[in-house]
Structures are given as structure tokens and as C-alpha cells.
Amino acid sequence: MLYRWQTGATAWLIHRITGAAVGIYLLLHILAQFGMKYDQKGLAAISNFLTNKAVVVVLLAFLIYHTMNGIRELIIDFGNGALYHKKLYWVMMVIGLVIFVTTLTAI
Amino acid sequence: MAFSTANSSGASGWLFQRISGILIAVILVIHLGAVHFGASPVDLGSPFWKFFHVGFVILLLYHILNGFWLIIEDYVKTNWVRVSLYGISWIVGVAFLILGFVTLVPFGT
């Protein structure tokens, strides 16, 4: 892959990385809930990992980024966001940061 | 090439990645509020929450595995590896769908 380190391409690459990480987290979340329901002690380690505070903070950051950039992509694809996608990126990031700080106070 | 994974333009996948993404964003906020950050716990064994979470799992699995597939398509050039990973994605999807089902359906019993 050829990477160009401009706003759009970088936003896309981070979208990909955060998406893959959150995807793996949610698959593990399903597995951990299954383990809890059927009392599988071997899966308790996964549960402990998922509820680890540092992991939760990273999850929230990744999840909020992925959602905010996802909304930006929707505005670009279905609205006229392509005309101002760079500005839109930073607007979404500021909104995301506010949401992130707010959720941090709740965990 | 007996079997190609590049047999469609991907336009329907593109659209449904967006539709599922919108639905997931809405459901996720409700899920986080009801289950993780809520003031009072909800009854996850009630039919509403069972349907809610089964739907959530289906949408998530689609969105996650289609996302993985987009990544595989970009980086994996060897045809037999791509085809294998495509098959593995389906197996993972079906396996996690069953895991989600057997966890959620008897919830609270």
C-alpha cells in the first residue's frame, strides 16, 4: 500500500486501525459473555482483560474516533462533505474529544 | 482462476457497511446507556432486550467481518490466501453468531 500522509488518507488509516481493534474487542466481549453464562472459568482471563481500566480507556478512545470519523465519512458520501472534509475532520475530532472526556468521568 | 473473490463491484457491500454503521452507532449508545453506564440496571432477560441484543450481534458481526474483508482485500494479494481468509471469515461469523445466540436467548433463566 502507498500511504500519503494528508488529512483524508491519515483519517482513513486510523479509521482502519481503530475499527480492527474495536472489532476484536467486541468479538472477545461476545466470547466473555458466553463464558460468564456457561461458567467457563478458562474465559475469565478474557473478561478481566476487557474490563481492565486502561483497556476500557483505549476502547473508548478508539470507539469514539471510529464513530466520529464514520459520521464524517457519511457526510462526505451522502452530503457535500467532500468540499470541506478537512475542516469537518477537526470539528468531529473536537466533538469526539469532548465526548471522550465526558465518558472518562463516568468510568 | 476457478474461484475469484472479486466477482462484484462491492457497491452493495459499501452501502450496507454504511447502513449497518449508522444502526450500530444508535444501538451502541442505547447499549452503553442501558447496560454499562446506566443509573438503574435493565432486565436483559426481557424479550425486548433479547431481540435488541440479537439484532446488535448480527449487525456487529456483519460490520466487523466486512471491515476485516476490506483490509484483507487491500493487503493480501495471493489468491488462495484470500479465498481461505474469506472462508475463515464466514466460519468466524457463524461461530460468533451461535455464541451470541446461546448466550442471549436463555439470558435470565
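What follows is calculated from the coordinates using simple rules that are stated; it is not laboratory data. Being a predicted model, the structure only gives us computed values, none of them experimental. A quick note on method: Cβ atoms are made from the backbone with ideal geometry, for glycine too, and the neighbour counts reach across all protein chains shown.
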With 10 angstrom as the radius, rank A:Met92, A:Met1 by how many other C-beta atoms surround their C-beta, starting from the fewest.
A:Met1, A:Met92
Which residue fluctuates most in the GNM of chain B (Cα springs below 10 Å): B:Leu70, B:Leu32, B:Leu23?
B:Leu32
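So if we plug the beta-carbon distance of A:Leu83 and B:Lys50 into 1/(1 + (r/R0)^6) with R0 = 45 Å, what FRET efficiency do we get, rounded to 0.05? Could you put the intermediate results ahead of the total?
Details: r = 44 Å, r/R0 = 0.98.
E(calc), rounded to 0.05, equals 0.55.
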Dipole magnitude of the protein assembly as shown about its Cα centre (Cβ charges: Lys, Arg +1; Asp, Glu -1), debye to nearest 20
300 debye
Classify the protein assembly as shown: rounded, prolate or oblate, from the alpha-carbon gyration tensor (a ≥ b ≥ c, eigenvalue square roots; a/c under 1.5 rounded; otherwise prolate if a/b is larger than b/c)?
oblate
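Which FRET efficiency value, to the nearest 0.05, is calculated for B:His36 and A:Leu74 with the Förster distance at 22 angstrom and r the Cβ-Cβ distance?
On the way: r = 25 Å, r/R0 = 1.13.
It comes to 0.30.
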Positive-end residue, chain A charge dipole about Cα centroid, Cβ charges, pick of A:Gly79, A:Met93, A:Leu28:
A:Met93
The computed P(r) of chain A puts the percent of Cα pairs beyond 17 Å at 61 percent
Are there any trypsin sites (Lys or Arg not before Pro) in region B:45-109 that are in a DSSP loop and have at most 12 other Cβ atoms within 10 Å? List them by number.
B:Lys77
Check: chain A dipole with +1 on Lys, Arg Cβ and -1 on Asp, Glu Cβ, in debye
160 debye
Post the alpha-carbon centroid distance, region A:1-24 to region A:43-95, in whole angstrom.
11 Å
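How about region B:1-107: which chymotrypsin sites (Phe, Trp or Tyr not before Pro) there are in a DSSP loop, with at most 14 other Cβ atoms within 10 Å of their Cβ?
On the way: sites: B:Phe3, B:Trp14, B:Phe16, B:Phe37, B:Phe48, B:Trp49, B:Phe51, B:Phe52, B:Phe56, B:Tyr62, B:Phe68, B:Trp69, B:Tyr75, B:Trp80, B:Tyr86, B:Trp90, B:Phe96, B:Phe101, B:Phe107; in loops: B:Phe3, B:Phe37, B:Phe107.
Answer in residue order: B:Phe3, B:Phe37.
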Using the basic label-point model (7 angstrom from Cα toward the beta carbon), what is the B:Ile72 to A:Ala45 distance in nanometres?
2.6 nm
As a footprinting exposure proxy, order B:Leu97, A:Leu88 by other Cβ within 10 Å, with the fewest listed first.
B:Leu97, A:Leu88
Relative contact order (percent, whole number), chain A, Cα cutoff 8 Å, 6+ residue spacing
27 percent
Quick shape check on region A:20-59: root eigenvalues a ≥ b ≥ c of the Cα gyration tensor, a/c under 1.5 is rounded, otherwise prolate if a/b tops b/c, else oblate, and it reads oblate
Which residues qualify? For A:Gln40, with a placed amide H closer than 5 Å and at least 5 residues away or on another chain, they are none
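For region B:12-104, report the translational diffusion coefficient in µm²/s to the nearest whole number, using Stokes-Einstein at 20 °C, 1.002 mPa s, and a Kirkwood Rh over Cα pairs.
Working: Rh = 14.8 Å.
Approximately 145 µm²/s, per Stokes-Einstein.
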